[in-house]
Structure formats: structure tokens, C-alpha cells
Amino acid sequence: MPTAEEIRRRIIEHGLSIRDRVIATMPQRYSLMVEQIRSIARSYRGDFDTFLTNLSSIKGLDLLVIYTALLAVLSKHKSLSDEEILKIGDSFDRHIYDVFSASKARRALEEAGVEKEIANDVISGVVKALNLINNKYNSPYLWIAEQRRIERFENSVREVLFRNEGGNRVGRGVKLFLRLFIHDTNIPLAVRIAYTQENKKYILHGDMYTALVTLRSGAFEDVASITAERVKARVAKRLLCEAKEGGARCKDVVMRLESIRGLVRYVGKISGDPIVYERGAYDIGYRYCRDLKCEACPINDVCKRYTFIKLK
């Protein structure tokens, strides 16, 4: 029987086999920038001044940061599908090729199908953020490159992009932006976080898909917290019911996402690489687990298949 640690390891393996969905759907010129940044970061991660000097040669780097900021702020309003991100990226690339402007960004978002009111709010937020960043750091990419501590970076993202707003939807946008720049497999602009143990301090968002995979797979079962024990007790009760009466007569195990989010975050932490764990679990949840496509799932040989667990 696979252990919870083995299940987490397989989720991470899947995460390493795919790209972050924002990066996977980027316009080609931004994808090329990402490769350049990775190459520079890997070569000069121990020499920050040389790292910055080489970054300055990448034309349009600030637009890459602005594009991700726009997606992050937009995700405050709605959870973006891969198709929506792809459409926004293509439209952004067509309208904003060299210099960012509010009018160009508005046309890009509206062309991509974003409602006018939401587009205006997103652009207003990004423009205000750019003013703050340029006054303090001179450019968006330098704002990120200067970061040393993940907690401070996260607080800065919340302050600059979201004006210190709170709530789950804002948290979703904060995490989207943060994780993109603090890991070698993403866009390691925050080089002093991406190549140190600091990136292990990332606390994943705890979205529906990541949570679903964490619980249904059994990746949480070696955790001894009160929440974990409650979940294990409810799972055991359901399995006992199935053994006695058959699954059709047994009730689903239904839990509120908010009640188990802390457990999901802790599982991500003990996985050893919370950013990649989140990427792998989200992808499995989005592509397979939500529709019970168990046979096609990349972890189907280790998953406990607690498909009776439902989240609301």
C-alpha cells in the first residue's frame, strides 16, 4: 500500500513534468524571455550584480512582468481557465508589443472577452501599481529581482497590486503572481529566493482542485493534526459502511474547503517543494480528479481513490 509520502512524491513528479499554466499559455516572445531569464539566473545566481547586468539586455522584460500582474489582478475577479489565459495572452501580445498603455490594455482585455467594468478595474489597479513600482524601484523587473524574503515579497505583492485587500479571491491573485517568480522551473527573477531554501517557505493557496487531489489521493494520511484526524475518521467510517452495505447506500464525505485549507497547505509544506506540489496537484485535479477520470490519471497506481470525498 503506497504511503502518503510516496503519493506526495508522485504528485511532485507530475508537477515537474509540466509547466505552470501561465507559462505554458504565454505568447511565444514571452516564453523566449522566460528561457533567457532561467539561463541567466542559473549562470549568475551567485553574482547578483552580474545577474542584473545580464537581465538589462532582455528587451521587453517589464512587459512580461506587467502581463503577469494583469493576470494576477484579473484572477481576483474570476478563476481563469487555461483557454481564457491563452486568449488574454494572444490579445495582450497583439496590442501591447513595445510600450504599455491603459488604452491598449483595455482594448486587449475587451477583445479577449473581459467585461468592460472588470477590465477598467484591472487596468486601474495595474497602472497604480506601476506608478508605485517605478517610483521606488525604477522598473517592474527590478522590483522582483530585489526581493530576498518570501514573506516580504508576498506582502509587497498584496500591497502594490491589491492595495492590501484581503479575502480568498485576492489571495488567489497574490499566489499566482508570487509563485511565478520564486522557482527555477518558473521565471526565477527573484533569484535570491528561487535558488535558496527561502522558496520552500511558500504557502500554497489551497484551491479546490489542489485540495481535492490532496484528500482523495491520501497524501494527507501521515499528518497528525486535529483536522487530519477528523478527515481520516470520516474516511474510515465511509469505508466501513462500504464494507458492510456497499457504496451505493453510503453517504459522501462532504467538507467545506475553508475547513481543510490549512491541512492542504501543510501537506504542500511537508512535500518538500510546495510550488511544484501545488502545480502537480492542481493539474491532476483540474484535468482528471474533478471528472473522476481515474484510469487516465498520472498517479492512479498510488492514489487511494477516496472519490466519495466532496468539497464545497
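The values are calculated or read from the model by the stated rules, or taken from the named source; none is laboratory data. Keep in mind that this is a model prediction, so the values were computed, not measured. Cβ placement follows ideal geometry from the backbone for every residue including glycine, while neighbour counts extend to all protein chains displayed.
In the list L180, L130, which residue meets the criterion of being modelled with pLDDT of 95 or more, among the aliphatic types (A, V, I, L, M) and in contact with a Pro (Cβ under 8 Å, 6 or more places away or on another chain)?
That would be L130, the only listed residue that is modelled with pLDDT of 95 or more, among the aliphatic types (A, V, I, L, M) and in contact with a Pro (Cβ under 8 Å, 6 or more places away or on another chain).
So, in the range 139-150, of the ones that are assigned to a helix (DSSP H, G or I) and in contact with a helix residue (DSSP H, G or I) (Cβ under 7 Å, 6 or more places away or on another chain), which residue ends up surrounded by the most Cβ atoms within 10 Å (Cβ to Cβ)?
Going through the range 139-150, the residues assigned to a helix (DSSP H, G or I) turn out to be 140-145, 150.
Restricting the remaining residues to those that are in contact with a helix residue (DSSP H, G or I) (Cβ under 7 Å, 6 or more places away or on another chain) gives 140-141, 143-145, 150.
Details: P140: 23, Y141: 24, W143: 25, I144: 27, A145: 23, I150: 20.
Restricting to residues being assigned to a helix (DSSP H, G or I) and in contact with a helix residue (DSSP H, G or I) (Cβ under 7 Å, 6 or more places away or on another chain), the top hit is I144.
Limited to the range 64-116, what total is found for residues that are under 23 Å from S156 (Cβ atoms) and within 20 Å of the chain's Cα centre (by Cα)?
Residues of the range 64-116 under 23 Å from S156 (Cβ atoms): 64-77, 80, 100, 102, 105.
Filter once more, so that each one left must be within 20 Å of the chain's Cα centre (by Cα): 64-77, 80.
Total meeting the criteria: 15.
List every residue pair whose Cβ atoms lie under 6 Å apart, where the two residues are 6 or more positions apart in sequence or sit on different chains, the first residue falls within the range 188-213 and is on the phi > 0 side of the Ramachandran plot, and the second residue, located anywhere, is surrounded by fewer than 24 Cβ atoms within 10 Å (Cβ to Cβ).
Within 6 Å, the pairs are G206/R261; G206/R265.
Mind counting the residues in the range 207-252 that are buried (at least 21 other Cβ atoms within 10 Å of the Cβ) and over 20 Å from R9 (Cβ atoms)? Break it down stepwise before answering.
Step one: list which residues in the range 207-252 are buried (at least 21 other Cβ atoms within 10 Å of the Cβ), which gives 207, 210-220, 231.
From what's left, over 20 Å from R9 (Cβ atoms): 207, 231.
Selection size over the range 207-252: 2.
When residues of the range 1-43 are filtered for being basic (K, R) and more than 28 Å from I144 (Cα to Cα), how many remain? Talk me through it step by step, then tell me what you get.
Narrowing the range 1-43 to residues basic (K, R): 8-10, 19, 21, 29, 38, 42.
Narrowing further to those that are more than 28 Å from I144 (Cα to Cα): 8-10.
Selection size over the range 1-43: 3.
When both residues are 6+ apart or on different chains and their Cβ atoms are under 7 Å apart, which pairs have a first residue that lies in the range 237-261 and is within 18 Å of D207 (Cβ to Cβ) and modelled with pLDDT under 95, and a second that is charged (D, E, K, R) and surrounded by 15 or more Cβ atoms within 10 Å (Cβ to Cβ)?
From the range 237-261, no pairs qualify.
Can you say whether A211 is at pLDDT below 95 and of a type in the set (A, V, I, L, M, F, W, C), as far as the supplied structure shows?
On the way: at pLDDT below 95: no; of a type in the set (A, V, I, L, M, F, W, C): yes.
In short, no.
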